[in-house]
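Heads up: the structure comes next, in structure tokens.
The values are calculated or read from the model by the stated rules, or taken from the named source; none is laboratory data. Every value quoted in this text rests on a predicted model; they were computed, and no experiment measured them. Note: ideal-geometry Cβ built from the backbone for every residue, glycine included; neighbour counts use all protein chains shown. Only protein heavy atoms, including side chains, enter the accessible area calculation; ligands, DNA and RNA are left aside. Shrake-Rupley method; radii C 1.70, N 1.55, O 1.52, S 1.80 Å.
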Amino acid sequence: MSEEMNFDGRVAVITGAGAGLGRSHALAFAGRGAKVVVNDLGGNSSGAGSDQSVAQNLVDEIKASGGEAVANTDSVEDGDKIIACAMDTYGRIDVLINNAGILRDTTFHKMSDDDWNLVQRVHLGGTYSVTRAAWPHMRDAGYGRVIMTTSAAGIYGNFGQANYASAKLGIHGLAQALALEGVNKNILVNTIAPVAASRLTEQVMPPAMLEVLNPSVVSPLAVLLAHEGHTETGNLYEVGGGWVSRIRLEQSQGARFDPKAGFSAEQLAANWGAVNAFENAMHPSDVSNTLKVISEIVGVDLGLAAQS
Ligand code: NAI
């Protein structure tokens, strides 16, 4: 049995924490001793309106069970206000879970600029805004645990979600860059792609699935990734319904040509099988792998081996 993961003395900011996954995360962190900033604008699922009681209700619930929490009702687009609330109330920020989100599903040819812009602004813009405001505090403290929330829709694409999929994969790209920039200050950044029953999924999932997709079986991953004992960064996980899995990239060995002599589209077509063959695939984890492979092809010694 592993040691209990405690968050005594830690401050966790959780965006969109009034409902669904964020609410579950907030209860989990508060139950483990963290002081929680419960951020939630309280709008509807497509981003309209606001309701201050959504965040406050959860804060009341946490306090009633002996935990510590403060409500914040700013939009994630105003990340500096959310982080100011954490600093003014608790004087530090150890954990940030970027979770707030909305949907404006429609096929691309019917998508309005508003559908596109609002989803980008809340998901990618909001994740940027809150993380940007938290970052200097984490750097100064030499400590931070950031969790990004992406989606299978972003990783794989999903019909009718061009706005959401692009913003969600953008969040993962942001996480990958920040994982590299944060690591020497002990700021770790990991990304989760959850699946859970919530108002965002209740229309698209059958009841039998919704029954087992409790947000509470996503939160243990958030707890583990945010704990001080965790040391991995830049990883991507799918989680939900009792399943936790890590995703990595796979790259074929590909077709190789003499770059000085060049090659035609027909020669490429003749080697198309090699481009698409995943036997002996590589699993690159940083941008250097491509250059390493090319250096091998042309015989330039970079002193680095391609990643297996
Ligand atoms: P939810 O709708 O139950 O909760 C999202 C919360 O974010 C709401 O309480 C809402 O008021 C809040 N929020 C929305 N816009 C906000 C803003 N601008 N500022 C502050 N708060 C705001 O949704 P759910 O399912 O819990 O989603 C949480 C996150 O997980 C989202 O980022 C979503 O895209 C992501 N996700 C969820 C999946 C699922 O199966 N439920 C699948 C993949 C990703």
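Tell me which residues come under 5 Å, amide H to amide H, from Asn214 once H is placed; ignore anything under 5 positions away on its chain.
Amide H to amide H, under 5 Å and 5 or more residues apart or across chains, Asn214 pairs with Ala197, Gly241.
HN-Hα J couplings of the stretch 152-169 from phi, Karplus 6.51/-1.76/1.60, θ = phi - 60°, integer Hz, Gly and Pro as x?
Residue by residue, the stretch 152-169 yields 4, 4, x, 5, 10, x, 8, 4, x, 10, 4, 5, 5, 4, 5, 5, 5, 6 Hz.
Specify the inter-centroid distance of the stretch 218-295 and the stretch 132-171, based on alpha-carbon positions, in whole Å.
Taking the Cα centre of the stretch 132-171 as reference, the centre of the stretch 218-295 is 19 Å away.
Per residue of the stretch 271-284, what does 6.51 cos²θ - 1.76 cosθ + 1.60 with θ = phi - 60° give for ³J(HN,Hα)? Whole Hz please, x for Gly and Pro, Karplus curve as stated.
My calculation for the stretch 271-284 gives 10, 4, x, 5, 4, 9, 8, 9, 5, 6, 4, 8, 10, x Hz in order.
Can you check what the Kirkwood hydrodynamic radius comes to for the chain, Cα pairs only, in Å to one decimal?
Values: mean 1/r = 0.0479 Å⁻¹.
Averaging 1/r across every pair of different Cα atoms and inverting gives 20.9 Å.
Sequence gap at least 6, Cα distance under 8 Å: using those rules, report the relative contact order of the stretch 11-247 to the nearest whole percent. Don't skip to the end; give the middle numbers.
Values: 510 pairs, mean separation 44.3, N = 237.
In percent, rounded to a whole number, it is 19.
Of the heavy-atom accessible surface of the stretch 190-308 (probe 1.4 angstrom), what whole percent is carbon and sulfur? If you can, show how the numbers build up before the last one.
Details: 4210 of 7370 Å².
In the stretch 190-308, the share of accessible area belonging to carbon and sulfur is 57 percent.
List every residue whose amide H lies under 5 Å from the amide H of Ile14, counting only residues 5 or more places away in sequence or on a different chain, with H placed 1.01 Å from N in the peptide plane.
Under 5 Å from the amide H of Ile14: Val37, Asn39, Ile97.
Can you pull the semi-axes for the stretch 40-158, root of five times each eigenvalue of the Cα gyration tensor, sorted largest first, whole Å? Mind showing how you got there, number by number?
On the way: eigenvalues 151, 68, 32 Å².
Working through the eigenvalues yields semi-axes of 27, 18, 13 Å.
Beyond 27 Å between alpha-carbons counts as too far, so tell me which of Lys81/Lys168; Lys110/Lys168; Lys168/Lys292 fall in that bin. Numbers along the way, then the final one.
On the way: Lys81/Lys168 23 Å; Lys110/Lys168 20 Å; Lys168/Lys292 29 Å.
Long pairs (Cα-Cα over 27 Å): Lys168/Lys292.
Per 10 Å bin, what percent of the C-alpha pairs of the stretch 166-283 does each bin hold, from zero upward?
Distribution as computed: 12, 26, 25, 22, 12, 3, 0 percent.
At 1.4 Å probe radius, can you tell me the per residue accessible area of the chain in Å²? Don't jump to the answer; show the numbers that get you there.
Working: 15600 Å² over 308 residues.
Accessible surface, normalised per residue, equals 51 Å².
Two decimals is fine: what's Rg over Rh for the stretch 265-307, C-alpha atoms, Kirkwood radius as Rh? Can you show the working numbers first?
Details: Rg = 12.3 Å, Rh = 11.9 Å.
My calculation of the ratio gives 1.04.
For Glu68, enumerate residues with amide H under 5 Å from its amide H, sequence gap 5+ or separate chain, H modeled in the peptide plane.
Val36
If you filter the stretch 244-284 for chymotrypsin sites (Phe, Trp or Tyr not before Pro), then keep DSSP loop positions with at most 11 other Cβ within 10 Å, what is left?
Working: sites: Phe257, Phe263, Trp272, Phe278; in loops: Phe257, Phe263, Phe278.
Of the chymotrypsin sites (Phe, Trp or Tyr not before Pro), the ones in loops of the stretch 244-284 whose Cβ has at most 11 other Cβ atoms within 10 Å are Phe278.
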